1. Could you check what % of the DSSP bridge pairs in segment 313-403 are antiparallel, to the nearest 5?
2. What FRET efficiency do you get for Ser44 and Val176 if R0 is 41 Å and r is their Cβ-Cβ distance, rounded to the nearest 0.05?
3. How much accessible surface area, in Å² rounded to 10, belongs to the heavy atoms of His34 with a 1.4 Å probe?
4. Which of Asp114, Asp256, Asp283 ends up with the largest GNM mean-square fluctuation for the chain, with Cα atoms connected below 10 Å?
5. Tabulate in residue order the Karplus-calculated ³J(HN,Hα) for segment 240-252, using 6.51 cos²θ - 1.76 cosθ + 1.60 with θ = phi - 60°, rounded to whole Hz; enter x for Gly and Pro.
6. Got a sec to turn the phi values of segment 9-16 into Karplus ³J(HN,Hα) couplings, 6.51 cos²θ - 1.76 cosθ + 1.60 with θ = phi - 60°, whole Hz, x for Gly and Pro?
7. Based on DSSP H runs of at least 4 residues, each adding -39500 (n - 2.57), what is the mean residue ellipticity at 222 nm of the chain after dividing by all its residues, to the nearest 500 deg cm²/dmol?
8. Once the principal axes of the Cα atoms of segment 266-327 are found, what is the range along each, listed largest first in whole angstroms?
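The values are calculated or read from the model by the stated rules, or taken from the named source; none is laboratory data. Keep in mind that this is a model prediction, so the values were computed, not measured. Virtual Cβ from ideal backbone geometry, glycine too; neighbours counted across all protein chains shown. Remember, those area values only see protein heavy atoms, side chains included, never the ligands or the DNA or RNA. Shrake-Rupley method; radii C 1.70, N 1.55, O 1.52, S 1.80 Å.
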Amino acid sequence: MADRVTVIGWDGSPLTAAARSALGAATLVAGAAHHLTLPEVPPSAERIRLGSVALAARRIAGHRGTAVVLADGDPGFFGVVRTLRAPEFGLEVEVVPAVSSVAAAFARAGMPWDDAEVVVAHRRTLRRAVNVCRAHTKVAVLTSPGAGPAELGLLLEGVHRTFVICEELGTEREQVTVVTSDKAPDHTWRDPNVVIVIGGPAAGGDSGGWLAGRDPGAGPRGWTQPGEAYDGPLGEGETDLLRAAQLARLGPRVGDLVWDIGCGSGAFAVEAARAGAAVIAVDRELDACARTDAAARRFGVQAQIIRGTAPHVLENLPEPDVVRVGGGGAAVVSAVADRRPQRIVTHAATRDAAELIGRDLTEHGYEVECALLQAVELDTRAWTETERSVAFLLSGALPERTV
């Protein structure tokens, strides 16, 4: 087993004394091609081209001597340290950090980044990374082959963003390019790179916050807000308690894409976005689209709003994770189920309508739950009833999918 493993972060700056000392004593050096050509790498050391970190870790674990792993940026930030420290390898790891590529990218752009979301885009996580870019105003994306600026731009179709693309940071070939997201697919980009994605309503204030990334405590408390917060009457499927129950069943979260079909006042769309999810709100009424846009701006969240009639308007939308069907009945629910989101919620005014929707969801392979929700509002000055609402809440979940 290697006597010691030193992980050295490299950001293009001259190596520190500690890094040079570790490299000088190394009998095995692992890194990317540009790392292995550094003059500080001993000529006699065994060299491993770093592809799979797990395979390299196994080689290091079987090596008798002193090993060094070179990695771009800060190796403890979405880097190789996590894999090397896995219990199955039994390696003693020391780290010599460098400036992370995310910090370097924001420095090149001259922007603060304590309020940024940071995501990693691989082929398997690309869609979720794009959903974070839909939902948040400032996101740093650590890209990979097949999940780079071009792919981000393609999947953000219909959502305007500005890309600050930082290629090969720290090398002689470093380049920083600013393009709009729709232009990114027109170019060939070099790996590795970091993409800063900017867009949407500006965050309030420049004084900084207390928590890195998105502040989950921003805005008013509560999953749902009272109807008067949405400037006008709410539809029968938008009562506070029904919305709260729908949110609880869907559980929208960061990285999800939520469809809100029949968005009405925008109340549900806004509240799903406040949970950190990306939201596409759909309604056939111009007034509903305008109300939803106004509500999103008022609460400082982002939602893509599309005017059209379901189910036809749904055909070209990106794949959803969870869906609320606020209007359109069984036909729309059936069209949504064809797209296989993980969860679907809707409501019905009568038992017959609920049974029809429930049977269709069951035929699509969903596990169905239904509850009769009755809410009675009371005037607490006289404790008299002021309003009563009744609705069947239906939800369907695909049993074979877990996240």
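1. Antiparallel bridges: around 85 percent, rounded to the nearest 5.
2. The computed FRET efficiency comes out at 0.60.
3. The accessible area of His34 comes to roughly 70 Å².
4. Taking springs between Cα atoms under 10 Å, the residue moving most is Asp114.
5. Running phi through 6.51 cos²θ - 1.76 cosθ + 1.60 with θ = phi - 60° gives 4, 5, 5, 4, 4, 5, 5, 4, 5, 6, 7, x, x Hz.
6. My calculation for segment 9-16 gives x, 10, 10, x, 7, x, 5, 6 Hz in order.
7. Using -39500 (n - 2.57) per qualifying helix, the result is -7500 deg cm²/dmol.
8. In descending order, the Cα extents are 30, 26, 17 Å.
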